[in-house]
Each structure stands twice: as C-alpha cells, then as structure tokens.
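What follows is a short report on a single structure.
Bear in mind that the values in this text are calculations on the coordinates, not laboratory data. What you see is a predicted model, and the numbers here were worked out from it, not measured in a lab. Using ideal geometry, Cβ is built from the backbone for each residue, glycine included, and neighbour counts are taken over all protein chains shown.
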Amino acid sequence: MPLRRLGFMLPLLLVPLLLAGYRLGGAWNFLVVGWVFVVLPLADLICGTDTGTAAPRGRTAPGWGIYFDAILIGWVPVQLGLLVFAVTVFPALDGALARVGFALSVGIVTGGVGIVVAHELGHRLGRPERALACVLLASVGYMHFYIEHNKGHHARVATDEDPASARPGESFWHFLPRTVYGGFASAWQLETARLRAAGRPALDVRNRMLWGIAAPLAVIVLAGLSAGGPAAALFIVQALGAITLLELVNYLEHYGLRRRRAADGRYERVGQQHSWNSSHRLSNWMTFNLQRHSHHHAQVMHHYQELEHAPAAPQLPAGYASMVLLALVPPLWRSVMDPRLAVWQQVHGAAS
C-alpha cells in the first residue's frame, strides 16, 4: 500500500495513546499532548515535506475512494465511544495532574482529529456525510461551525468581514474572542436568513442553531446526572480544548492575507494566495491534508486526498503542530510570521 495513502491512518494512533496514558496513570495522561506538540514537530523536521498527491483528482484507483471515505466515517463512532468512555472514567482519576492531562488529551483528539473530520465531511454533497459532520461538531459544542464555515467563511475569507481571518499584527489572544463571537453571530444570521427565505420564524424547530445549542447542553446534563459533576466538567473542558485548537488553526491559516478590492467594492476571487500552505509530510497526514489549505479554498469540492501542494501560495515554515505553539506566544509568532508576511506583500502586492 503506498505510503502516501497509508499515512492517513496516522490520526487513529491518538486513541491508543490516550488509552495507554489512562492505563499508566499520573503524568502519562499527557502522552497525547507530548506526541502532538513535541514528537510530531520534531518528526516533521526529520521527515520534511512531500509535494506529491495521494490520489490526484479523477485518477483514484478502484477501491481507494472507499478507503479514504471509510477513515472519515469510521471516526464518528470512535469519537462518540471515546467521549462516553472519557466521561465515565474521569471521575475516578486520581490526582489533579492525571485529570488535567486526560482532559487536555481528549480535547486534542476531539479537536485535532474530530473537527478536522467534521470539516471534511461538512464539505461533502451527501446529506448523510453532512449529518455526521454535525454530530461530531455537536460533540464539542460547536455545531454552528458547519453553517458559518461553509456559508460565511468560504465567501468572506481573507477580508475584514470574516471573523475567522486573522488580521495583520493581530495576536491569537485578541483573535480568539473575536472569532468565537463573530462566528456564532454570523452563523445565527445565516441560519435565520435561510428560515426567513422559507417563510419560517427564527425560533423554529428547523433552526439548526437551536439544535446546536441544545445537543451539547443535553449531554452535559446527562453526564452530570449519570456520572456526577466531574463527568460534566470533563465534557466542557474537552470541548473548550477542541474549540481552542480549531481557532488556533483558523488563526494561522489566513493570518494577515487579504483579497484586493476593486473600485466597485467587490473583492477579487478567492485564490491560492489567500491561505498559507504547508506540505510537511507527517502533520499533513495527521490533519487529512488540511495544511494544503490554499488548494482547499481554491477548489473547495476536492476531497482531502486530492489536495495538491500550492508552490505559488505563501508558505508556512513548519506544520500546524509547530505553528499553533508559536501562535500561543504572540512575540514569537510575530517574529517568525510578520517578516514572511511583509516579504509576501512586497513581492505580490498588499491588498487595498
């Protein structure tokens, strides 16, 4: 089996790592944290980049399409089962260190894998795939991302109107509350507009925003009633961790990049130059090629295995695992990224 295709099984490794950490106890519960933010960045440096494509569009061999889809669909019951397990065992964990490590690890798995899978399924045309995307997003309390990302972000990307496009010089800690509030508000507006167009009120049973709020609240209550307050707290903490990880990725994907605006007020068409690209081999496997974000925005209906390296796009100096750590420390982030952004704007022209 070609390595480029087999590599997309790598995210599944996080589940046995989390279970092993739980079994060993204590500080071993940070095993997933260490893998993602220590081992993976170092391994990326060693393994380097890969500019090839796992399955060029229109040339996928028979059976491989099922393989690529099965990884995504198979993740849904894995994540739901993992969350049931997590809220069940969390109250019995011994010590604050074990609890913190376990909660962070669950959030990294549900965010670093689960939300990425939801993002991919949410772009599919089939209703079952999109429904599964919403299930995954509801499991981290962020179902409105499906609405805002598809209908809002992709239309307004790399503009000041997009809450998920970080502005030049903006720190992650300033970006985080702005994008969380802005994304929710935008999703509510988009959903209520859809209902109005169908002749329905905002507070209608078909309002997906209401379901997105009700579902995680119901899980929190159920977890609390069945396993106590610590179980409910675990669900909340893992959701917050997953959401923070998602917004860290949003922050770095379009940092400082802006589309030009014509005299009539219209923005130029979205292209590969409006997203930062990275083709670091291992972290691309871990994120289902999400790092090839430039191609994703230029060709939104391409599946993850079909995404190509974009040599003409602005390039990140490392994979996402390394870059999110930099983003947590604004002076380090700006020292690395602002010079790259300035060179890109000088060579290609800054948006007006």
> In the set A138, A86, A98, which member is surrounded by 23 or more Cβ atoms within 10 Å (Cβ to Cβ) and either over 18 Å from the mean Cα position of the chain (by Cα) or more than 21 Å from Q305 (Cα to Cα) (or both)?
Replying inline: A86
> How about region 288-342: which of its residues are under 20 Å from F68 (Cβ atoms) and charged (D, E, K, R)?
Replying inline: R292, E306, E308
> Picking from E129, E170, E161, which residue would you name as being within 19 Å of the chain's Cα centre (by Cα) and surrounded by fewer than 22 Cβ atoms within 10 Å (Cβ to Cβ)?
Replying inline: E129
> Which of the residues that make up region 148-164 are part of a loop (DSSP other than H, G, I, E, B), more than 30 Å from L80 (Cα to Cα) and of a type in the set (A, V, I, L, M, F, W, C)?
Replying inline: V157, A158
> Has region 238-248 got any residue that is part of a helix (DSSP H, G or I) and either more than 27 Å from S105 (Cβ to Cβ) or of a type in the set (F, W, Y) (or both)?
Replying inline: no
> Do you know which residues across region 205-256 are loosely packed, with under 15 Cβ neighbours inside 10 Å and of a type in the set (D, E, K, R)?
Replying inline: R206
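Tell me, yes or no, whether region 290-304 has at least one residue that is on the phi > 0 side of the Ramachandran plot, touching a residue at least 12 places away in the same chain (Cβ under 8 Å) and out of contact with any Lys or Arg (no Cβ under 7 Å at 6 or more places or on another chain).
Scanning region 290-304 turns up no residue that is on the phi > 0 side of the Ramachandran plot, touching a residue at least 12 places away in the same chain (Cβ under 8 Å) and out of contact with any Lys or Arg (no Cβ under 7 Å at 6 or more places or on another chain).
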>> Within region 119-165, take every residue that is polar (S, T, N, Q) and in contact (Cβ under 8 Å) with a residue 40 or more places away in the chain and give me the one that is farthest from Y251 (Cα to Cα).
In response: S139
> What are the residues in region 173-228 that are basic (K, R), part of a helix (DSSP H, G or I) and over 27 Å from the mean Cα position of the chain (by Cα), if any?
Replying inline: R196
> In the list M323, M286, which residue meets the criterion of being over 15 Å from N250 (Cα atoms) and touching a Leu at 6+ places or on another chain (Cβ under 6 Å)?
Replying inline: M286
